[in-house]
Amino acid sequence: KIDPTSRVVIDQALWYAIHCGSPFFATTNGRTFALFTVPERGERFSYEKHRILIEEIALTETFTEELLSTVAKLHTKVPVSITPLDWAFIIRLRSFVNWFADVVAPLIERKLRTDVEFRKTYEKFAEEVGYKPDAEQLAKEMAYVFMNKIVFYKVLERYYKELGARKLKLISAPDSRTYLNILCSFYNKAVEVTKDFEPVFFAGIYDDIVIPDDRFVLDEVNAFIEDMDHYRLEDLGSGVVGFIYEELLPAEERHRLGQFYTPPPVAELITRWAIRRPNDKVFDPGCGSGTFLVKAYGKLLELKGYKEPTAKAHKEIISQLYASDINPFPLHLTALELASRYITAPSSEMNTILSDFFKVVPSEKATTSYTITTPAGQIERKVSIPAFDAVIANPPYTRWVEISVKTRNSIAKAIGNKLKDYGLTGGIGNETGIYVHFIMYSHEFLKQNGRLGMIISNSWLQSDYGVNFANFLLDHFQVKAVVDFNRRLFRIPLIATCVLLLEKNTNAKERESNQTVFIYTDKETNVEEILDAIENPEGWKSRFLISVVKQSELPRNDKWIKTMFKTDEVEKIMLNSPFVTRISSSLVPRYGNISGVSARGGTGADKFFYLTKKDFEAWNLTKDYQYPLLISPRYSKFFTFTESDWKGLVNADKPCYVFICHKPKTQVSQSVEAFIKWGETTHL
């Protein structure tokens, strides 16, 4: 449990190397590996000068061979590639986060069990954001926030004289609580001096981190603070700074932390289409880690005629970008990402809103207020909401039945009447993804002819609620394009996705005369090609499957997937064939051997086959009939589903076993016989 890139660990290893006369030395914890040369006599060690290899590794035979080969080349004066400083910096940050998360996770777990107030805060947080991070996950998020605060403060103190006069240096404290209080006093001062950056320095539950009373741990944190003086993040350049923060949370880590990854090319496609003028105001109502707004920043910079940011351009662009999120962690990351675009001129115009999107009021006269809790008390933050030229987002894909009660209530208050008007309540409403609600509410934030671009699930194209949702789109937007991706061309998540590009228009005639472009692609492609295909569809029909339909001719009582794939034409060809006939002309299609479930599909026998642990115990069914099962991908929040994830379902008494009887009736026990009889009598 060490951080191999920490100065404390490196200094100890260097001392050993000098003592035994070795020309090279290395540090590792089995996950991160760092190789250095020993300085010449009388020379001070410098991470920048003496590093050779800094990388994340698995200790395998292949890695060992590569390492020995590198050392042999160094020994014989053969040139080797040195890890670039920016990448070494990324690994330094990641290594610190991984080490620190391991250190604090047991304390967070204990705090969740024993600290009543913290448990209440945690439960309230979980209710607000709609998911419950376990102690390990919460510790990882806390570690990221903890690290970001130190890094960002060290930057600010170099550009604000008042902070530079009170420089964050090695902290001497008798215990960890005092240590954290001293750190917090620096952050309070940063917010007071800059009059901004609350989302960076105050992040709700993530501020309740605990550190063990361990001198080695406090020394490691002090070493990290000292390192942040040597690195000077801003000297790496604004492009590299942004890259560092993007790379700091790799895609798989975002999944693990509950952040739904937006493929950068998709964000670029949407922002390049939606943002048209240098003064456009842009809103991301579910900002995640800021991918869309980073791309929007780049687009606005280009429209203003700049190749690189300047202090003036940076301030202007930051004032044009707005972000909201219900969770302080992604809002914290977004604030960092945007501030990092031009770190030598920190802006105090950041429009970040910690709120349920459906509680943000869409009005040019409205001011959205929210409270940030700090150790010094509560800060009320106010953001005036303009009418937007563009709304861009990757909204959650959660279904109505999975949304927290609080969010359901705020949706009902914000757009309840619209949902009723379009038949999106009741049974059909339960299947609706929350992205439908995001789009319906986002409409109210747009100017006339303002553009909306979102990447959403494509399930609405082929569902009953999608027909009703499509009618809302036809009544409020010019539907410019629907782009459906077959493969995960841009590392798109497991769920099938499409990009929806809309332009708000209150003029019915203009809406009806609009030409809607449907694009389906299962080939490798790029943003330029898709943008051109939207504008010039005829020229791309050999490359993509494209349908162009006048908006007035789009169906109001049928699923748009039929329009996209022109299924009517296929049906005509099939029905005209002498070898094809409809099954319904000869048979009555049924789902399984039961009735009454044809509307939903399936066999209707789930209650018989899919059982909880308590079900097995209640029927006294032995393990001979009990097999672990993941009955729905909704139980898996991330790509990796582990045995411990499954055990979590067991403890929560979710259906996660399948009942299988593979014995003749003469060999089954009485309890199994009774269970089978119950299934038969209840028509399962």
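The values are calculated or read from the model by the stated rules, or taken from the named source; none is laboratory data. Small disclaimer: the values here were computed from a predicted structure and weren't measured. Counting neighbours? That spans all protein chains shown, and the Cβs are built from the backbone with ideal geometry, glycine included. Keep in mind that these areas ignore ligands, DNA and RNA; they rest on the heavy atoms of the full protein, side chains included. Shrake-Rupley method; radii C 1.70, N 1.55, O 1.52, S 1.80 Å.
Residues in the range 137-178 near a label at Lys647, defined as backbone nitrogen under 19 Å from the 7 Å Cα→Cβ point? The answer is 137-139, whose backbone nitrogens lie closer than 19 Å to the label point. Rounded to the nearest 10 degrees, the inclination of helix 405-421 to the longest alpha-carbon principal axis of the chain is 40 degrees. Semi-axes of the equivalent ellipsoid for the range 58-180, computed as √(5λ) from the eigenvalues of its C-alpha gyration tensor and ordered from largest down, come to 37, 24, 14 Å.
Projection of the Cα convex hull of the range 419-521, averaged over all directions and equal to a quarter of that hull's surface, yields 6.7 nm². Heavy-atom accessible surface of Met564, to the nearest 10 Å², is about 0 Å², with a 1.4 Å probe and all protein chains retained.
Lysine pairs in the range 501-557 whose alpha-carbon atoms fall under 19 angstrom of each other, counting only those eight or more residues apart or on distinct chains, come to 4.
Relative contact order for the chain: 8 percent, from Cα pairs under 8 Å spaced at least 6 residues apart, divided by residue count. Each label point was placed 7 Å from the Cα along the Cα-to-Cβ direction; for Ser81 and Lys550 their separation is 5.8 nm. For the range 1-101, the normalised intensity computed at q = 0.10, 0.14, 0.22 Å⁻¹ comes to -0.26, -0.52, -1.31 (log10 of I(q)/I(0), Debye sum over alpha carbons, equal scatterers, no solvent). Here the relative contact order of the range 54-153, from alpha carbon pairs under 8 Å that lie six or more residues apart, stands at 29 percent. Taking the inverse of the mean 1/r over every pair of distinct Cα atoms in the range 77-143 gives a Kirkwood hydrodynamic radius of 14.2 Å.
On a per residue basis, the convex hull of the C-alpha atoms belonging to the range 405-473 measures out at 95 Å³.
Taking every protein chain into account, the 1.4 Å probe leaves Thr310 with about 50 Å² of accessible area, to the nearest ten.
The helix-based estimate of mean residue ellipticity at 222 nm for the chain, built from -39,500 (n - 2.57) per DSSP H run of four or more residues and divided by its residue count, is -14000 deg cm²/dmol to the nearest 500. For Tyr657, the accessible surface of its heavy atoms amounts to roughly 20 Å² (probe 1.4 Å, protein chains only, rounded to the nearest 10). The magnitude of the dipole of the chain, with charges of +1 and -1 set on the Cβ of Lys/Arg and Asp/Glu and taken from the Cα centre, is near 1120 debye. Over every Cα atom in the range 643-684, the radius of gyration and the widest Cα-Cα span, Dmax, amount to 13.8, 37 Å. Charged neighbours of Arg31, selected by a Cβ distance under 12 Å, balance to -2 (K, R count +1; D, E count -1). Ranking of Val483, Val588, Val71, Val103 by solvent-accessible surface, largest first: Val588, Val71, Val103, Val483 (1.4 Å probe, protein heavy atoms only, all chains present).
Going by accessible surface with a 1.4 Å probe and the largest first, His662, His19 read His19, His662.
Give, to the nearest whole percent, the P(r) tail of the range 113-218 beyond 15 angstrom, counting all Cα pairs. Cα-Cα pairs in the range 113-218 separated by more than 15 Å: 68 percent. Across the range 396-480, the mean sequence separation of Cα contacts (distance under 8 Å, 6 or more residues apart), normalised by length, yields a relative contact order of 35 percent. Here the chain is treated as an ellipsoid with the same Cα gyration tensor; its semi-axes, largest first and in whole Å, are 47, 35, 27.
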